[in-house]
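Q: Here it is, the structure in full.
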Amino acid sequence: MTNDSDKTTHFGFETVAEGDKAGRVQGVFNSVASKYDVMNDVMSVGIHRIWKEAMMDWLAPRAGQKLLDVAGGTGDVSFKFLERAGSGHATVLDLTEPMLVEGRKRAEAAAMVDSLDWVVGDAMALPFEDNTFDVYTISFGIRNVTRPQEALNEAYRVLRPGGRLMVLEFSQLPNPMMQKAYDLYSFNVIPRMGQLIANDRDSYQYLVESIRNFPDQEIFLGMVKTAGFEQAKYRNLTMGVAALHSGWKL
């Protein structure tokens, strides 16, 4: 029989004990927190902002809704949600407290202080009651979770009946030649940018490797369905560099 302590998972291209991954991920984001937003702009040439607007377009936030934004980091998705909804509440949850600290410093956070909560927590064991939220989002975070299926199961648990799941994550390009070109950029340019801008090559090397280890669009769609979500589907963004997965708790 295999003990839980014997189970392994990926940390980038490295194989590690499951119990060690969360701490390693925390180390990465502790290191890059102060430069995270700048690096996102540089790495994606600002395209991550367009992807997040596309997520909001498909989500169509409504007034009065309660959002849980998991791996919400510095809060940009929650800010966009509240702006679109006009009124409502957003809870930003992240495993790494320095990311939340950076989020609280932003001007948007000060303007929306009464509509925001910031919570340190684990996507696989959410500190909330069943049937609490109208919307659950996770953007560029689920690939860092030790067991993504458990995170999806938890999303289903905390959503109210009629609630919506929306996952934005880097994915796989359907064209092998385009994927090869993208990999060349990712593995050769992004870690160097990390060194120049955040003085941290290793963390950005991990982030690139974690993208390549993440399931493709169809496999992840199956995981969303396994968690219990219905009307599950996805949309590719920028030819599949990223993908949006959507599901409903009905």
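FYI, it's all coordinate maths here, none of it is from the lab. Nothing here was measured: the structure is a model prediction, and the numbers come from that model. Because the Cβ atoms are built from the backbone with ideal geometry, glycine has one as well, and the counts that use them run over all protein chains shown.
Q: Hey, could you grab the Kirkwood Rh for the stretch 141-250? Inverse mean 1/r over distinct alpha carbon pairs, Å, one decimal.
A: Numbers: mean 1/r = 0.0665 Å⁻¹.
One over the average 1/r among Cα pairs gives 15.0 Å for the stretch 141-250.
Q: Mind checking which of TYR234, VAL208, PRO191 is farthest towards the positive end of the stretch 148-250's charge dipole, using Cβ charges of +1 (Lys, Arg) and -1 (Asp, Glu) about the Cα centre?
A: Value computed over the given set: TYR234.
Q: Sticking with the crude label model, points 7 Å out along Cα→Cβ, report the distance from TRP248 to ARG201 in nm, one decimal please.
A: 5.0
Q: Turning to a different aspect of this structure: 222 nm [θ] for the chain, helices only, -39500 (n - 2.57) per DSSP H run of 4+, per residue, to 500? Spell out each step's value before the answer.
A: Details: 10 runs with 117 residues, N = 250.
My calculation for the chain gives -14500 deg cm²/dmol from helical runs alone.
Q: Provide the packing ranking of 113-122, 22-31, i.e. peptides ordered by the mean count of other C-beta atoms within 10 Å per residue, highest first. Intermediate results must be reported in sequence, preceding the final value.
A: Working: 113-122: 14.5, 22-31: 17.2.
In decreasing order of mean packing, 113-122, 22-31 become 22-31, 113-122.
Q: Further question on the same structure: Once you place label points 7 Å from the Cα toward the Cβ at TRP58 and GLN231, how far apart are they in nm?
A: Label at TRP58, label at GLN231, 1.4 nm between them.
Q: Check cross-link reach from LYS180 to the aspartates and glutamates: straight Cα distance under 17 Å, and skip same-chain residues fewer than eight apart.
A: Within reach: GLU209, ASP216.
Q: Now a separate question. Can you tell me the dipole magnitude for the stretch 61-158 around its Cα centre, using point charges on the Cβ only (Lys, Arg +1; Asp, Glu -1), in Debye to the nearest 20?
A: Details: 10 positive and 15 negative charges, 55 e Å.
Rounded to the nearest 20 debye, it is 260 debye.
Q: So, one more: Where in the chain are the DSSP H helices whose alpha-carbon span along the long axis reaches 30 Å or more and whose Kyte-Doolittle mean is at least -1.0?
A: Numbers: long enough: 176-198 (31 Å, 0.15).
The answer, listed by residue number, is 176-198.
Q: Please give, to one decimal in nm, the separation of the simple spin-label points placed at ILE47 and VAL101, each 7 Å out from Cα toward the Cβ.
A: 3.3
Q: Using only the Cα atoms, work out Rg/Rh for the stretch 26-172, with Rh taken as the Kirkwood radius, to two decimals. Spell out each step's value before the answer.
A: Numbers: Rg = 14.1 Å, Rh = 15.2 Å.
Checking Rg against Rh, the ratio lands at 0.93.
Q: Taking the Cα centre as origin and putting +1 on Lys and Arg beta-carbons and -1 on Asp and Glu beta-carbons, what dipole magnitude results for the chain, to the nearest 20 debye? List each step's numbers first, then the result.
A: Details: 26 positive and 32 negative charges, 119 e Å.
Taking the Cα centre of the chain as origin, the dipole is about 580 debye.
Q: Please identify, among ALA111, ALA198, ALA155, the residue showing maximal mean-square fluctuation in a Gaussian network model of the chain using a 10 angstrom Cα cutoff.
A: With Cα springs under 10 Å in the chain, the top fluctuation among ALA111, ALA198, ALA155 is at ALA111.
Q: If you place +1 on the Cβ of every Lys and Arg, -1 on the Cβ of every Asp and Glu, and leave all else neutral, what size is the dipole of the stretch 133-250 about its Cα centre, to the nearest 20 Debye?
A: Values: 13 positive and 11 negative charges, 44 e Å.
Approximately 220 debye in magnitude.
Q: Lysines within cross-link reach of LYS105: Cα-Cα under 24 Å, excluding same-chain residues under 8 positions apart?
A: Partners within reach: LYS35, LYS52, LYS66, LYS80.
Q: Roughly what % of DSSP beta bridges within the chain run antiparallel, to the nearest 5? Present the calculation step by step, with values, prior to reporting the outcome.
A: Working: 19 of 40 bridges.
Roughly 50 percent of the DSSP beta bridges within the chain come out antiparallel.
Q: OK, next. Choose one of ILE50, GLY141, ALA109: the residue whose Cα lies farthest towards the positive end of the charge dipole of the chain (beta-carbon charges +1 Lys, Arg; -1 Asp, Glu; about the Cα centre).
A: ILE50
Q: For the chain, what's the relative contact order in percent, using C-alpha pairs closer than 8 Å and at least 6 residues apart? Numbers along the way, then the final one.
A: Working: 448 pairs, mean separation 47.9, N = 250.
Rounded, it is 19 percent for the chain.
Q: Against the empirical 2.2 N^0.38 Å scaling, what ratio does the C-alpha Rg of the chain come to?
A: Details: Rg = 17.3 Å, N = 250, 2.2 N^0.38 = 17.9 Å.
Dividing the Cα Rg of the chain by 2.2 N^0.38 Å gives 0.96.
Q: Straight-line reach from LYS7: which aspartates and glutamates have a Cα under 17 Å away, not including same-chain ones fewer than 8 places off?
A: Within the straight-line cut-off, LYS7 pairs with GLU18, ASP20, GLU150.
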